[in-house]
């Protein structure tokens, strides 16, 4: 059964570390609910920091929808249909 411990030094929201049954560690941000895992607390925390940065808007745009589709070998639609939200 997984067990959890809370880091109090991160303020009232903080980070919760959960030791999973397989021995990995999950770090969960209590404010956002976002979580990432790793083999150690440091690895889980590093992964969580990356997720939180991406959630906050950091990162590079992946490109224009047609270019993205061509890069994954999908021909963009040429009719009047709109692209799905996930590629816009």
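Results, tabulated for the structure shown:
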read-out: Protection proxy ranking of 48-59, 18-29 - average other beta-carbon atoms within 10 Å, highest first; value: 18-29, 48-59
read-out: Full-extension gain in nm, residue 73 to residue 42, via 0.36 nm per residue minus C-alpha separation; value: 7.4 nm
read-out: At R0 = 22 Å, FRET efficiency that the Cβ-Cβ distance of residue 58 and residue 16 yields, to 0.05; value: 0.45
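None of the figures in this text is laboratory data; all of them are computed from the coordinates on show. All values derive from a computational prediction rather than experimental measurement. Don't worry about glycine lacking a Cβ; one is built from the backbone with ideal geometry, like all the others, and counts go over all protein chains shown.
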